[in-house]
């Protein structure tokens, strides 16, 4: 039984009990109800928490006479017409009150009924005098507040300080002194780039006597390409970025183009309103660029379930809910997913409004686009230009080409046999768990689980006489990898065998296998051994090749369509001619078997080689062959010349020229150009559908329980949709980034604040709604939000403003008195002191050791990790982890490949989220597993070794100089005498133990048997494990 | 001026391991340890949990739920009204019924019925509570496992173990509070989210242990580092951190010092835990455990050792019970791999006096269809009826609760939904499931979401 029917049953039961109890006790209601004695205490106890002075859910107050006796909530004398009575008694369709609490008992309900029926006497003076309903501050667009007056005007560097200082003065607290320059530069570098300053950078800043020395550092760091990495990572958390699908299969996906888009967008300071718009609707912008389409990957970071037993629509809906949640948390700073199942309990979002927002998003294909690096795109442009020039050359040399083409057209226009599309039944068991979804045009779209070897069986009943041939069309679909027509990660497919059987309808067991006389196809490629990704652990030589391979009875050969990167994703067709017509006197059952055996060994990985979308047809015309004209060209041919665009005319020419023998040499040249086409990569994106998908309000969020249909729209309690906004994702983006949006700017500046100071101005940064923690500095939040919007939504401007404030520049030293008064430093009487995020824990060690590979962007990488994690039974299925042996081993933590189901342990131990859902506030824990990681993890050891080597090579000649050098590479500042003495003692003792052979130096150094180097390695290891090394101070 | 180190040291020492700045209260400027042991709402019956998660979904029809009528109707189609609104994962629901593959008999004083696949479990029937009336909402593995673990099919919620750790804290000074093992042919379908902390602070998530090698990742010293060098290094780290603490006054540094000390302790306590050679041959034989050879049996024995050492929540995953085909052969193997050790665990806990406050839970994410999948040797996923068993921790021994219909398709008596099970297990651990909440995104979340009713019949 489903959850919903369960709920229904329990309702019925409760209802039954209630009805009986009510009937019994109703008579016992007090003869004369007194409001103050009987009713008010009941309202206070059960209702006023949500409908009172503090909160006015649904704009209702039950503590004020004016609000209750308004002619609707309570109709004096008529309880059954009063909403108060209806809702507590559970009458009607709306949820029963008190929402989320225990229903009132029968006596209490009887009491309320009696009071209303007796005239609802509410004595004047009882309850609240005011019935005012306040709008929650975060649902009103921010206005720029005036700066507060402060005593210590000299401390104020910019408006932020005025707000901070005003609060400190109110609390009787003093701001702290400015941090010293080295501390400040390390803090600034970690905050803006996530990398520590080198000792040289620190010295340069210390020695810079110019007045704007600090501001120069701010600009240097904001212009660093690492700025985009550092702040991009925060957005990746909010966008639930990961490199795999999640759920059981958790296959790899290619989405790093989107990750790099984020980094680049931040580095070029793409205004935040634009940043959001392109991610929500980049594909809908006029003349959308590849970059803008890639940006929609934000919405595609949802998980994908390809378990065998799934209904793809169910998990598309799960992904839609996830997108709503991500938009809520990352962009709106609001919890909207509560309203997925019911009206929001606290915030003004009705369930219907949730589905109205949902409807903006619900009209997209889950597409996977081909994408190219800038160099590749340049190459492509060059190829296309050359081809155009060569074609123009032929046309120029052939003045009558138009007439000749028209003659050819006349010849081919009607040369195709009459095909009848068939719509077969699918044998569910034969599909190996793959779903074949029937489409409107009679084709089938493969979805869900993708078994790498299966023989799918399709059956039709037909009365068609004398069937001579069968046609298989492979078609594109936006939901397939690179639009298909196959389901492999390249959008290709291989057809191992194509078999047909038939039997009389009245004697289904009398099966005849059709013998194929021949097969033709519009693509016949030379024989080629399967790529590595299709390796099936057998020793067989498995190949693809021409269409004959699909009827040769050999399971090792298949018809292949991979014609190289430029043309592997075209629709294709094949025609199979029976050796004699199937006469079919009294109706037959025709069964097609599509054997797809050319995938790899692991169906839980990206190894399938299946058909993606295809259609079957039959004909009774003799001698049918596969149409050599590509589907797009056939469509142009069928159009009148006057209806064709110049582009279509050119496309027609591009095909026709290939059929003209005298142009063979130019055709060969063009063919050679196509072969230079770059491979490219792919990216999950959204692609708007032509036909609007209907959106329904789902009962309790269950996709099997659609309620009424809804149209796109925005919640009534928030600002209206801007005039002229289209009713699609672009319109939603315009609404979210409107100047009147109350939460978009606030939530973003609040999260910036959180990143700098540890806690946001509103601590619950994922939720600025009614249930949020009250802001520590409400005016400051509004000031920052308005500043953000009025300065062109420039994120760099906001960073600059925050880091140049006096509040940011304070020392982070804490006194016991201050700790007691303000343990979490919400008031900012001192600077922030926080352990850095997991990625940066590693980045600091990489930078200190000199191993860091500072390359920005590119595919995710595989630093060392324990192998067993990626094998069963630790992981559901075997996963790929090709440990990097080259420079990519030492890339920043941000580029580490992220499997959702098997998080990278070092990052997991340091609280990095795994991308299952949007995260705008990480935990910052402090655990023994973290200590074990920095002490013993292999890469940390490599980093300690490298730091030791570098120290010996570059740190000077004395121990003293070297200790200072190594210490400063980690913490920027020089050590105190006491610290240096402690390290010196450790160095001497351990070097001695290695020299005496008590420990093997070569083990620790991983190379030389050198006691000194081993001693320095031990010292470097201590430095990398210090609290200060992994802390922004 | 230095913060009051002595007082804080006392606090950290007395109140368990140090971790995190996330706690809601502070004491003398120090953060309260979020893993400190805490009292639940009422006096608990159970202190610890061992959850034997049979991932992939075992067939109730082959193991626990004897259905002579299903045998009788083998090969016929199920009644049409039974299938109304029913969704199956792989098969057309209108597939032929498949009779049970194994013989059943009654065991123990309680007369509980079990199949011949469970000769060892048959010896403990008087100590366990069999629930034949489990139902769930999910019929795919990852969502089903998530529901059983987190109370919802969606990702992002805390697991049962995380809730319990959040609610009760840790009794162990040098081992994680929530430990997870995995054995069998595959890993769990829900991945690490099955033991994740969701929106709870990350220190409440389960820590994956391994049955061989380092039980915890990065437990061993790197090459060339012996215990003395490790100790010397930690002493230097502590002294340098203390110097910084003196300079900066940040209590988080004190927590860091403590984390490193616990890490060091874990370096000796975890290998000691894993060393099964200290167990008597009789005990090893009872479980069928072989030291050094990772198995579900070893993991069961380790679970007992963990509970002895104060670990709050132990979860053992064993995949894969997903018998769409090869039912007879594969379920026989699964039972051979698990039956003896499960029974041994209950017996061993009992004889050591640990069963009374250790709650043992056995079960998978859903059941299997009475209808056949494929030829004649497989069953599809089935959420409407399945069987679990409980032992110890205040459950009612010798009880068999609930009934499914004569085909084992729907529950007809004493239905226990996953949410009800959670409510009941939390009750045994001392919690009112309505009150064990965590505020996130403006809402008080609970393990049972907006569902769940205590099942009093399950209580001793």
Legend entry - residue B:217 being assigned to a helix (DSSP H, G or I), free of Cβ contacts under 8 Å to residues at least 24 places away in the same chain, touching a helix residue (DSSP H, G or I) at 6+ places or on another chain (Cβ under 7 Å) and at the interface with another protein chain (Cβ under 9 Å from one of its Cβ atoms): no
Legend entry - Count - residues of segment A:901-928 that are more than 7 Å from every other protein chain (Cβ to nearest Cβ) and part of a helix (DSSP H, G or I): 4
Legend entry - Only listed residue being within 14 Å of chain A (Cβ to nearest Cβ), buried (at least 24 other Cβ atoms within 10 Å of the Cβ) and under 28 Å from residue B:439 (Cα atoms), chosen from B:182, B:172, B:159: B:159
Legend entry - Check on residue A:618, under 26 Å from residue A:654 (Cβ atoms), assigned to a strand (DSSP E or B) and over 41 Å from the mean Cα position of the chain (by Cα): no
Inset, instruction - Please give the number of the condition residue B:277 fails out of (1) within 14 Å of chain A (Cβ to nearest Cβ); (2) more than 22 Å from the chain's Cα centre (by Cα); (3) part of a helix (DSSP H, G or I). - result: (1)
Legend entry - Which numbered condition residue A:166 fails, given (1) in a helix (DSSP H, G or I); (2) touching a helix residue (DSSP H, G or I) at 6+ places or on another chain (Cβ under 8 Å); (3) surrounded by 18 or more Cβ atoms within 10 Å (Cβ to Cβ): (2)
Legend entry - Residues being surrounded by 15 or more Cβ atoms within 10 Å (Cβ to Cβ), more than 37 Å from the chain's Cα centre (by Cα) and closer than 24 Å to residue A:625 by Cβ - total across segment A:553-572: 1
Inset, instruction - Determine which member of the set B:268, B:233 is within 30 Å of residue A:870 (Cα to Cα) and in a helix (DSSP H, G or I). - result: B:268
Legend entry - Number of positions in segment A:803-836 that are in a loop (DSSP other than H, G, I, E, B) and either without any contact (Cβ under 8 Å) to a residue 24 or more places away in the chain or within 13 Å of residue A:175 (Cα to Cα) (or both): 20
Inset, instruction - Considering each residue of segment A:72-87, count those that are in a loop (DSSP other than H, G, I, E, B) and surrounded by 16 or more Cβ atoms within 10 Å (Cβ to Cβ), and give that number. - result: 5
Inset, instruction - Would you check which residues across segment A:673-695 are buried (at least 16 other Cβ atoms within 10 Å of the Cβ) and under 24 Å from the mean Cα position of the chain (by Cα) and list them? - result: A:680, A:681, A:682, A:683, A:684, A:685, A:686, A:687, A:688, A:695
Legend entry - Residues that are modelled with pLDDT of 90 or more and either at the interface with chain B (Cβ under 9 Å from one of its Cβ atoms) or assigned to a helix (DSSP H, G or I) (or both), drawn from segment A:287-310: A:290, A:291, A:292, A:293, A:294, A:295, A:297, A:298, A:299, A:300, A:303, A:305
Legend entry - Condition broken by residue A:961, with the remaining ones in (1) crowded, with 23+ Cβ neighbours inside 10 Å; (2) over 18 Å from residue B:233 (Cβ atoms) satisfied: (1)
Legend entry - Candidate set from segment B:397-418 (those that are more than 21 Å from residue B:151 (Cα to Cα) and under 22 Å from the mean Cα position of the chain (by Cα)); member that is surrounded by the fewest Cβ atoms within 10 Å (Cβ to Cβ): B:398
Inset, instruction - Identify, by number, the condition in (1) crowded, with 23+ Cβ neighbours inside 10 Å; (2) assigned to a loop (DSSP other than H, G, I, E, B); (3) under 17 Å from the mean Cα position of the chain (by Cα) that residue A:254 doesn't meet. - result: (1)
Inset, instruction - Can you confirm whether segment B:355-362 contains a residue that is touching a helix residue (DSSP H, G or I) at 6+ places or on another chain (Cβ under 9 Å) and within 14 Å of another protein chain (Cβ to nearest Cβ)? - result: no
Legend entry - Conditions (1) farther than 23 Å from residue A:1027 by Cβ; (2) buried (at least 23 other Cβ atoms within 10 Å of the Cβ); (3) in contact with a helix residue (DSSP H, G or I) (Cβ under 8 Å, 6 or more places away or on another chain); (4) more than 7 Å from chain A (Cβ to nearest Cβ): number failed by residue B:166: (2)
Inset, instruction - Only helices (runs of 4 or more DSSP H) wholly contained in segment A:325-441 count here; list those with 2 or more residues that are without any contact (Cβ under 8 Å) to a residue 40 or more places away in the chain and over 24 Å from residue A:570 (Cα atoms). - result: A:374-397, A:401-412
Inset, instruction - Return yes when residue B:306 is outside any helix (DSSP H, G or I) and within 27 Å of residue B:57 (Cβ to Cβ) and no when it is not. - result: no
Inset, instruction - Note down all Cβ pairs under 7 Å where the first residue falls in segment A:522-544 and is in the same structural domain as residue A:487 (by TED's automatic domain parsing), the second is surrounded by 17 or more Cβ atoms within 10 Å (Cβ to Cβ) and assigned to a helix (DSSP H, G or I), and they're at least six residues apart or on different chains. - result: A:524/A:547
Inset, instruction - Mind listing whichever residues of segment B:197-213 are at the interface with chain A (Cβ under 8 Å from one of its Cβ atoms), touching a residue at least 12 places away in the same chain (Cβ under 8 Å) and either more than 12 Å from residue A:923 (Cα to Cα) or part of a helix (DSSP H, G or I) (or both)? - result: B:203, B:207, B:208, B:210
Legend entry - segment B:123-151, residues that are within 16 Å of the chain's Cα centre (by Cα) and in a loop (DSSP other than H, G, I, E, B): B:151
Inset, instruction - Considering every residue within segment A:276-283, establish whether at least one is closer than 21 Å to residue A:765 by Cα and within 12 Å of chain B (Cβ to nearest Cβ). - result: no
Legend entry - Hits in segment A:970-993 - residues which are more than 8 Å from chain B (Cβ to nearest Cβ), in a helix (DSSP H, G or I) and either in contact (Cβ under 8 Å) with a residue 24 or more places away in the chain or more than 15 Å from residue B:238 (Cα to Cα) (or both): A:970, A:971, A:977, A:984, A:987, A:988, A:991, A:992
Inset, instruction - Report yes if some residue within segment B:72-84 is over 25 Å from residue B:344 (Cα atoms), surrounded by fewer than 19 Cβ atoms within 10 Å (Cβ to Cβ), modelled with pLDDT of 95 or more and in contact with a helix residue (DSSP H, G or I) (Cβ under 7 Å, 6 or more places away or on another chain); otherwise report no. - result: no
Legend entry - Number of the exception - residue A:319 against (1) within 14 Å of chain B (Cβ to nearest Cβ); (2) assigned to a helix (DSSP H, G or I); (3) closer than 22 Å to residue A:858 by Cα: (3)
Inset, instruction - Within segment B:83-101, identify whether any single residue is outside any loop (DSSP other than H, G, I, E, B), under 24 Å from residue A:427 (Cα atoms) and within 14 Å of another protein chain (Cβ to nearest Cβ), and answer yes or no. - result: yes
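The values are calculated or read from the model by the stated rules, or taken from the named source; none is laboratory data. No experiment lies behind these values; they were computed from the predicted model shown. Positions of Cβ are generated from backbone atoms using ideal geometry, with glycine treated the same way; all protein chains shown enter the neighbour counts.
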